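Reviewing the structure listed below.
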Amino acid sequence: MKFLLKPTNPEKLEVDVLIKYCWEGEFSNVASLPKAFLDELKTLAEKEEFKGKESQTLFVYPKGDLAAYKFFLFGIGKKEEFDIYKLYKLIATSIKRVIDTKPAKIALIVDDYWMKKYPVERVIQSVVEAVNLSSYKFIKYKGEEEQKNNRPIEEVLLSLSAPKLTLGEEGMRKGEIFSNSTVFARDLINEPPEITSPSYLADVALNIAKESKNTVKVKIMDKDEIAKLGMNSFLGVASGSDKPPKFIHLSYKPAGSSKKIVLIGKGITFDTGGLSLKSAEHMETMKLDMAGAAAILAVFHAITLLNPIIEVVGLIAACENMPSGKALKPGDILKAMNGKTIEVLNTDAEGRLTLADAISYANLKEKPDEIIDLATLTGACMVALGDDIAGMWGNNTKLIDSISKSGENVGEWVWNMPLFSDYKSLIKSHIADVKNIQTGRYGGAITAALFLAEFVGDTPWVHLDIAGPAFAERDTPLSSIGGVGFGVRTLLEYILGNL
Ligand code: BES
Ligand code: MN
Ligand code: ZN
């Protein structure tokens, strides 16, 4: 998909579909179009009771009044309800409608009001991301017929006044990089779990390094090295699987960087629950359990194109959680790299065991200024916040606020949750320093975050529980069923420091 900014008068754009957005009750807003066409449009809108309500649509064949073959008027609701989340959602919804007609070339008229409320760059970036992400399909395992029938949009023109072009170009470039790397994460998550083994993720990382011409460096540690480092909590989880674990270390260090951050992604390539086996129903989607890792890989995929002046290290403790004769058992005690002992009472609470070592490694070996982890950690977080919102926990208000703002800028919902220290007593073990599940039933996403905090120490840290938004159970405006690539754009936005 190719994006182009066009200062040309929209009536002259030769495209299959020209999309114009219309506020509720503000039909006058459409006035920049030729009079003859406008008269026809008004009659039609009245007949079809088009009012510009959210997602209301009107298709018109302009019969020579416009250069476009088809004209598509799309309702975007009330001006006072407009915000960046709406922008993403409405653009995406309009594109999903238009895609059904299989256009090769489309044009969108970028509304001036959007650029009054938000900077030009931000608006264009969001529009580009929304168009690209809403068009995504994972069809590589479909038959020949469906592959052939899939004709993605080739060219997207954004109609914008000439003085805004320079700022627009920058937004377009960022939007393309942000959305393409999100697609990169989606592809990884959607791939079957037999393919995306720990070794496969390691190969993906190595390939990222290769393509970056060594701007990104990658080190893969295998089982012996992991053992030598004392990451026995991670190895405990890996022990049930025939697939060898890999500890993936990515780094990007530009000249003149003043800050170093470590990004950690949960990389369980399949979560059966281990001996505390999941039900068939709960296991169905568990290839998603490496979505955090996929997001980190996607960030490094994009990083050399964006050249931020900040040192970034990415860590992934990749393994599979399987039951077997060699598997971790409830009652086992594991010692993490930082020396803390963990009583394992449920082998399905495995993510925190792998993260305990990745976080310890970050602190002991990297001494970063900040740690951010992304993990499909708990069903409890989904109970609290539903399918679309990530839970956020952290120990540093400034970092929490920055991540909040970054998420908001790119239309990803992250919600700050309490790191309520009184609940620490719920993960005290009689026999070890901590246990991997809590006493009692409620607040499971909080106690999981408190468990991670045991390994963080004083380093400024944010934990994002992405169990809900990592995977779409049904089609949504910005995503189709499957991997969402959640967190990639929030992290990129944060790294670029556009706060
Ligand atoms: N990977 C799951 C969490 C999950 C559930 C992610 C649903 C996405 C969708 C995690 O490893 C897990 O199994 N968590 C358990 C923890 C429990 C045993 C304390 C859970 O949430 O049930
Ligand atoms: Mn689990
Ligand atoms: Zn898991």
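Quick one: angle between helix 291-306 and the longest Cα principal axis of the chain, in degrees between 0 and 90, rounded to 10, please.
60
Can you pull out the chymotrypsin sites (Phe, Trp or Tyr not before Pro) in the range 236-291 whose DSSP state is coil and whose Cβ has at most 13 other Cβ atoms within 10 Å?
Hits after loop and neighbour filter: nothing returned.
So if a site counts as exposed when it's one of the GluC sites (Glu not before Pro), its DSSP state isn't H, G, I, E or B, and it has at most 15 other Cβ atoms within 10 Å, what's the longest stretch of the chain without one?
Numbers: sites that count: Glu14, Glu26, Glu48, Glu49, Glu54, Glu154, Glu194, Glu284, Glu473.
Longest stretch, sites excluded: 285-472.
Using only the alpha-carbon atoms, how far is helix 198-211 inclined from the longest principal axis of the chain? Give it as 0 to 90 degrees, nearest 10.
60
Using just the alpha carbons, could you tell me how many Å³ per residue the convex hull of the range 183-497 encloses?
Working: hull volume 37.2 nm³, N = 315.
Dividing the Cα hull volume of the range 183-497 by its residue count gives 118 Å³.
I need the shape label for the range 369-417. Rule: rounded when a/c is under 1.5, else prolate if a/b > b/c, else oblate, with a, b, c from the alpha carbon gyration tensor.
It comes out oblate by the Cα gyration axes.
Take the alpha carbon gyration tensor of the range 277-371, find the square roots of its eigenvalues, order them as a ≥ b ≥ c, and report rounded if a/c is under 1.5; if not, report prolate when a/b exceeds b/c, else oblate. Please report the intermediate quantities before stating the final value.
Working: a/c = 3.55, a/b = 1.47, b/c = 2.42.
The shape class here is oblate.
Taking R0 as 35 Å, what's the FRET efficiency between Lys78 and Asn150 from their Cβ-Cβ distance, rounded to 0.05? Intermediate results must be reported in sequence, preceding the final value.
On the way: r = 36 Å, r/R0 = 1.02.
Once the sixth-power term is evaluated, E becomes 0.45.
Using DSSP to define loop residues, name the trypsin sites (Lys or Arg not before Pro) in the range 399-499 whose beta-carbon has at most 14 other beta-carbon atoms within 10 Å.
Values: sites: Lys405, Lys424, Lys428, Lys435, Arg441, Arg474, Arg489; in loops: Arg441, Arg474.
Loop-located and lightly packed - Arg441, Arg474.
For Ala470, enumerate residues with amide H under 5 Å from its amide H, sequence gap 5+ or separate chain, H modeled in the peptide plane.
Those qualifying (amide H under 5 Å, at least 5 residues apart or on another chain) number zero.
Got the relative contact order for the range 110-243 handy, in percent, Cα pairs under 8 Å and 6 or more residues apart?
After rounding, I find 27 percent.
Given an 8 Å cut-off on Cα distances and at least 6 residues of separation, report the relative contact order of the range 319-379 as a percent.
That works out to 26 percent.
Relative to the longest principal Cα axis of the chain, at what angle does helix 351-361 sit, 0 to 90 degrees, rounded to 10?
80
Averaged across orientations, what area in nm² does the convex hull of the alpha carbons in the range 23-85 project?
That works out to 4.6 nm², a quarter of the Cα hull's surface.
Using the Karplus curve 6.51 cos²θ - 1.76 cosθ + 1.60 with θ = phi - 60°, what ³J(HN,Hα) values do you get for each residue of the range 282-288, in whole Hz, with x for Gly and Pro?
6, 8, 2, 9, 6, 5, 5
Readers should treat all values here as calculations from the given coordinates under stated rules, not as data from a laboratory. What you see is a predicted model, and the numbers here were worked out from it, not measured in a lab. Note that each Cβ is placed from the backbone with ideal geometry, even for glycine, and that neighbours are counted across all protein chains shown.
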